[in-house]
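Engineer: My questions will all concern the structure given below.
The values are calculated or read from the model by the stated rules, or taken from the named source; none is laboratory data. These numbers come from a predicted model, not from an experiment. Cβ coordinates were reconstructed from backbone atoms using ideal geometry, including for glycine residues, and neighbour counts include every protein chain displayed. Quick note on the areas: whole protein, heavy atoms, side chains included, nothing else; ligands and nucleic acids left out. Shrake-Rupley method; radii C 1.70, N 1.55, O 1.52, S 1.80 Å.
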Amino acid sequence: MKIITGSRASNQKEAVSLVFQEAGIGIMSLDVVDMFVSVAENAKTSAEIDKLIGTSVRGRYGNKASWRADRWFVPVPKLQFQGKDIHQLVIEVSVYLVAAAVVRTADDSRLITVAGPVGKPEIVSIPMVFLHALLENDLGRFAMVARDAGYTTWEVPGAKPVRLPNDFVNELTTMLKYQSVVSWLCQFGAQGRCVASLVAGSLIGLAFQDSSQTAPANKEMVTAENLVSALESLAYQPAEARELVRMVASRLRADMTLEEAIRLTLQGKEWNNNG
Amino acid sequence: MDNEFTAEEIRDAARMARVHCPGFSEDDFESLMELERRINDSGYLEAVLGLIRLEEEKGISCTEGLDACEKLIKQKTKLEQEVSALKQRSIDLSTQMNNAKADYEQKKEAVVRVTQELMRVRNDYSAAEKGLEAFNRQTEKEKQRISAEVEDTCRRANITRDEVITAGKIKEEIERHGFTPDLALGLAKEFAGHKNAREQLAEGLKEHGSLNKYLDELHDGIAKEREKLISEIRSLESQKKAITTESRNLKNTLGELQADVAYEEDLRRFHRRYFPLCGLLDELSNWHQVFFMRCTHPASTVAGVFDSTKGNHHFWTDRPPAACPVCGYPVLEYDIKIYNYHGWQTQRPLKIHLGE
């Protein structure tokens, strides 16, 4: 925990500004912070928090120092788009504590502000198919595996079960009724802007997936899976196919079509045989 | 923050979309964005819905609808142009009508004014005609009266009309020679006092040669007389100036003499007032020193309040006094009033010095 001299926060808003400054995050909408309040509330185990503040205070001002503090918990989300296996938006939510404390020592008393992350960051992973279903108001297509007062776990085909905070899902559903996903992501600031195009592209792809014809190999984009499948259909053994893909993996490009990838893989095999 | 994607972001989005929808291209993305922009325009949706309804309810296809719409739009444009031209024409006509109306009003007012003016002129003319008739009658009467008066005057002056005509001719003759009747009469008056004016004029002409010469001589004589008078006036003015200076000097002397007389009067008054006390002053001047003293006995001070003759005693002595010579009171003081009066230095005995 970092100790800053002086009282740097007197309300939640000032606490949020201080945390953004300490965490090195640019401008972010307060609406976004509010979406993760339920996550922050889970971090409020007051005995542990008191212990943390006490440790910091005594570490700085000695064992005889006594203190009294107002405290705020600020969730700080960090976005990430994962495109491996199944596309998903990953939000890592760290909860920061801001405590404006009055510390009394034998000699004097002073105002300080204690700020820093508490607990382990919580990971909220939203598969694109889930987000697409949420936009289509069709969450019923996923089986509900578990639910309690705070969280619901969904069965998403092709992915691990997705556990999401109920409040967050409700907030997100409400928000996306009035604004686009891109607008919502842009509220996260620069990090939201970074992933907005990928999320939007993925959602558009999902939206048009049903209407599109099965692409011929010369148009379909390559992935490791469809390349292995294609090689298997060319009478290679699965292990052999995976080995071939591994050998040409360094030369594969994400924007290659499946046809180009198959040609490259087979050429690579011939070079190895000749070499 | 601007939510529009950059070209790079559009490429990323299209690549991501191709994972799920392999045929998806960047153009498709652009089309979607265009569609989004159009959907945001409520008019666009209304137009699309209108076309669908047209096709469903009237059986008119979109193409026919568009052709009809295009035709109608052209007609509308043409009609709008005509409307604007007609509007302009209407405005022009309205302006012309207003101008004509204003002209008519102005001319109507002018006619009324002219009619009134004509009536006034007619009235003036009638009045003038009546006035002229009256004036003619008056003139005729006046002419008759003047004729009668002339006749009467001629009769009283014992002159005839012929004489009047002759006088007119004389006047004309005088003026023809560059004179005026008044000048001629003046010249005639000069000789009017003389019984034999004709002889005198002849003598004057004989003596001076001509009237002009006589007049020149008269002018020279008058000029000399004038110069003489001017020199006399100047002499009198210088005499006046000298007399004024003398008068001022005498006034100054008189002032000094009056001051001397006043001073002498003061001396006399002084002498009358102080001469009897000369002996006292001589005696005091013989003293080695004089002490002007005053007793400060409190009883005398109190008594002096009620009776001035019983106040503190004053006394003079030639030696420092030890006590009041009257009451024997030992506390004494210099008589400050005397010292102050003469401006002498107090608290010291005085030596009186008399002048020569």
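Engineer: When the residues of the stretch A:1-56 are narrowed to those that are closer than 12 Å to A:Arg71 by Cα and under 23 Å from the mean Cα position of the chain (by Cα), which ends up most open to solvent (accessible area, probe 1.4 Å)?
Structural biologist: Checking each candidate, the answer is A:Lys44.
Engineer: Turning to a different aspect of this structure: Picking from B:Glu30, B:Glu70, B:Glu64, B:Glu46, which residue would you name as being under 30 Å from B:Arg15 (Cα atoms) and open to solvent by 80 Å² or more (accessible area, probe 1.4 Å)?
Structural biologist: B:Glu30
Engineer: Are there any pairs, at least 6 apart or on different chains, whose C-beta atoms fall under 9 Å, with the first in the stretch A:177-200 and in contact (Cβ under 8 Å) with a residue 60 or more places away in the chain and farther than 20 Å from A:Gly83 by Cα and the second open to solvent by 40 Å² or more (accessible area, probe 1.4 Å) and part of a loop (DSSP other than H, G, I, E, B), and if so, which?
Structural biologist: A:Gln187/A:Gln179; A:Gln187/B:Met1; A:Gly189/A:Gly26; A:Gly189/A:Ile27; A:Gly189/B:Met1
Engineer: Quick check on my filter: what residues within the stretch A:257-274 are open to solvent by 30 Å² or more (accessible area, probe 1.4 Å) and within 14 Å of chain B (Cβ to nearest Cβ)?
Structural biologist: The answer is A:Glu259, A:Glu260.
Engineer: For A:Leu79, indicate whether it is crowded, with 16+ Cβ neighbours inside 10 Å, of a type in the set (A, V, I, L, M) and within 14 Å of chain B (Cβ to nearest Cβ).
Structural biologist: no
Engineer: Does any residue of the stretch B:1-24 turn out to be more than 60 Å from the chain's Cα centre (by Cα), of a type in the set (Lys, Arg) and open to solvent by 90 Å² or more (accessible area, probe 1.4 Å)?
Structural biologist: yes
Engineer: Can I ask one more? What pairs come up if the first residue lies in the stretch B:135-153 and is modelled with pLDDT under 90, the second is not in a helix (DSSP H, G or I) and not hydroxyl-bearing (Ser, Thr, Tyr), and their beta carbons are under 9 Å apart, counting only those six or more places apart or on different chains?
Structural biologist: Pairs found: B:Thr153/B:Ile159.
Engineer: Quick check on my filter: what residues within the stretch A:194-211 are surrounded by fewer than 21 Cβ atoms within 10 Å (Cβ to Cβ) and within 7 Å of chain B (Cβ to nearest Cβ)?
Structural biologist: Hits for the stretch A:194-211 are A:Phe208, A:Gln209.
Engineer: Let me ask something else. What's the number of the only condition in (1) away from chain B (no Cβ under 14 Å); (2) in contact with a Lys or Arg (Cβ under 8 Å, 6 or more places away or on another chain); (3) more than 21 Å from A:Arg141 (Cβ to Cβ) that A:Asp167 fails to meet?
Structural biologist: The one condition A:Asp167 does not meet is (2).
Engineer: Moving on. Against the condition without any contact (Cβ under 8 Å) to a residue 60 or more places away in the chain and within 14 Å of chain A (Cβ to nearest Cβ), how does B:Thr6 come out, does it pass?
Structural biologist: So B:Thr6 passes the test.
Engineer: Okay, moving on. Which one of these is farther than 30 Å from A:Val222 by Cβ and outside any helix (DSSP H, G or I): A:Ile49, A:Ile3, A:Ile91, A:Ile86?
Structural biologist: A:Ile3 is the lone residue from the list that is farther than 30 Å from A:Val222 by Cβ and outside any helix (DSSP H, G or I).
Engineer: Cβ-Cβ distance below 7 Å, separation of 6 or more or different chains: which pairs start in the stretch B:18-43 with a residue that is within 10 Å of chain A (Cβ to nearest Cβ) and end on one that is open to solvent by 60 Å² or more (accessible area, probe 1.4 Å) and among the aromatic types (Phe, Trp, Tyr)?
Structural biologist: B:Cys21/A:Phe208; B:Phe24/A:Phe208
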